[in-house]
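Colleague: My questions will all concern the structure given below.
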Amino acid sequence: MKKIVNLAAAGLLAAGGIAQAGNLTVANSDIEMTGGVTAGYFYTTNIGSSNNDYFTVSTFAIDLTSKVNSMIGFTAGFGATTQPDLLDATQPPTAGFELEYGWVSIRPVEGLTVDAGLLLTNIGYELYHTYDNRNYTFGMVWYAQPVTYAGARVTYSVAEGIDVYAEYTQDTAGSVGGVTPSDAFAFGSIGSVGNFNYAVSYFDYNKTKNLVDVVLSTDVQGIELGVNVDYQWMDDTAKNAIKASGATSVDDTAYGIALYAVAKMDVFEIPVRIEYVNDGQSTSGTTVVNEGIYGVAGDDAWSFTVTPTYKPTKNTYVRGEFAYVNTDGKGFTDDKGNNKDNRTFVGVEAGFVF
């Protein structure tokens, strides 16, 4: 899929998707279509209920993209998609079939592209659909990153394989301390140098928080390696709002790191993800944690995910997944009402990508 749609995250430029999408051309048009269907069975511990398992269609998605011409093109993604993350790996709500993202691209001069519409973010390693990623669940680092938003982006190719971009958006998802941003802006660079793919980005939510994101990926003797590092901090407006509620001090920074590795053996591969996030100082007296930028209980958390995958053809796969997350505080609850500091997730997913 991402061969046609620029899903932006440089981390998977080296890794590719879990399966390789084909390029279906719509008859009598210059439109190409890609997409996928995935379904599976999943079990999660410590969700506060004895009903820990579920079946679901995790993704049904179709992307339409016009072939590149001299000036104007478009991308549109339609589907019903769930994005289960490790901190809330219970059955995701069933989404209706909808426009998930879409934009019109204008190319006024060689090397310059203007995209406007409902954009996919350039932030992070993990992509929008489960079948675009090596793991089924989305990580804790992903949890604190933007995903889609209305806005406009200008991208310029400064050299072969190296782009720079700037964007203005109406992303209001970065609420902190009761303050909701009215808009946001970002800038960065995406590309490849030698055997390394990279993305370096700065994202600024108006009056709430900021983040610097770095993604690197490469291939070492057939093993795909990737890393995604975030550093986030609050704006003064958000900090002052928290202090106005009675806090004497605010820990206003957070950071996270996710490591990815994929070992390949013919039609089998074993992707592994290891994460650590630090949300800052825990609540103690009137000192306030930084409003849960990563959404973990307590100061910090770590996770481990392994996803053995069998790919009988280039566009199909079956994979199992085991994930474990441990938090500093007891933010989970078992079926007897006991507070727990960990959660285990297991599941099986099958997918067809076209």
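Laboratory data are not the source of any read-out in this text; all were calculated from the coordinates shown. Everything numeric here is computed off the predicted structure, so don't read it as measured data. We place every Cβ from the backbone using ideal geometry, glycine too, and count neighbours over all the protein chains shown.
Colleague: Run the Debye formula on the Cα coordinates of region 123-270, all scatterers equal and no solvent, and tell me log10 I(q)/I(0) at q = 0.18 1/Å.
Modeller: Cα-only, vacuum Debye calculation for region 123-270: -1.13.
Colleague: Right, here's the next one. Using the C-alpha atoms of region 54-211, what convex hull volume per residue, in cubic angstrom, is computed?
Modeller: 133
Colleague: May I pose another question? Out of region 316-348, which trypsin sites (Lys or Arg not before Pro) are coil in DSSP terms and have no more than 16 other C-beta atoms within 10 Å?
Modeller: Lys330, Lys336
Colleague: Once the Cβ-Cβ distance between Thr253 and Met71 is put in as r, and R0 is 45 Å, what FRET efficiency do you end up with, to the nearest 0.05?
Modeller: Between Thr253 and Met71 the formula returns 0.55.
Colleague: A follow-up question, please. Just add up the charged neighbours of Thr45: K/R +1, D/E -1, any other residue whose Cβ is under 15 Å from the Cβ of Thr45.
Modeller: -2
Colleague: Let me ask you something else. Considering the dipole of region 143-269 built from charges on the beta carbon (Lys and Arg +1, Asp and Glu -1) around the Cα centre, which of Thr208, Gly188, Ala258 is farthest to its positive end?
Modeller: With unit charges placed on the Cβ atoms, the residue in question is Thr208.
Colleague: Among Lys207/Lys330; Lys239/Lys340; Lys243/Lys330; Lys209/Lys340; Lys209/Lys239; Lys239/Lys330, which pairs are too far apart, with a Cα-Cα distance over 19 Å?
Modeller: Lys207/Lys330; Lys239/Lys340; Lys243/Lys330; Lys209/Lys340; Lys239/Lys330
Colleague: Between Ala301, Ala254, Ala241, find the one with the highest GNM mean-square fluctuation for the chain; connect C-alpha pairs within less than 10 Å.
Modeller: Ala241
Colleague: At most 14 other Cβ atoms within 10 Å and a DSSP loop assignment: could you name the trypsin sites (Lys or Arg not before Pro) in region 113-216 that fit?
Modeller: none
Colleague: Would you mind giving the three semi-axes, in whole Å and largest first, of the ellipsoid equivalent to region 232-354 according to its Cα gyration tensor?
Modeller: Semi-axes from the Cα gyration tensor: 38, 17, 12 Å.
Colleague: For the chain, what is the calculated [θ] at 222 nm in deg cm²/dmol (nearest 500), taking -39500 (n - 2.57) for each run of four or more DSSP H residues and dividing by its residue count?
Modeller: -1000 deg cm²/dmol
Colleague: Next question. What's the magnitude of the charge dipole for the chain around its Cα centre, counting Lys and Arg as +1 and Asp and Glu as -1 at the beta-carbon? Answer in Debye, nearest 20.
Modeller: For this selection, approximately 460 debye.
Colleague: Which of Gly188, Gly111, Gly102 moves most in a GNM of the chain, Cα contacts under 10 Å?
Modeller: Gly111
Colleague: Right, here's the next one. Let me know the shape class of region 112-174, please: from the alpha-carbon gyration tensor, a ≥ b ≥ c as square roots of the eigenvalues, rounded when a/c is under 1.5, otherwise prolate if a/b is greater than b/c, or oblate.
Modeller: oblate
Colleague: Which one, Asn210, Asn342, Asn51, has the greatest fluctuation when you compute a Gaussian network model over the chain with C-alpha springs under 10 angstrom?
Modeller: Of the options given, Asn51 has the highest mean-square fluctuation.
Colleague: Would you please state which residues of region 241-267 a label at Gln221 would reach in this model, taking the label point 7 Å out along Cα→Cβ and a backbone N cut-off of under 20 Å?
Modeller: Within reach of a label on Gln221, which here means backbone N under 20 Å from a point 7 Å along Cα→Cβ, region 241-267 contributes 260-267.
Colleague: Rounded if a/c is under 1.5, else prolate if a/b is larger than b/c, else oblate: which is the chain, with a ≥ b ≥ c the root eigenvalues of its Cα gyration tensor?
Modeller: Taking the square roots of the gyration eigenvalues as a ≥ b ≥ c, the chain is oblate.
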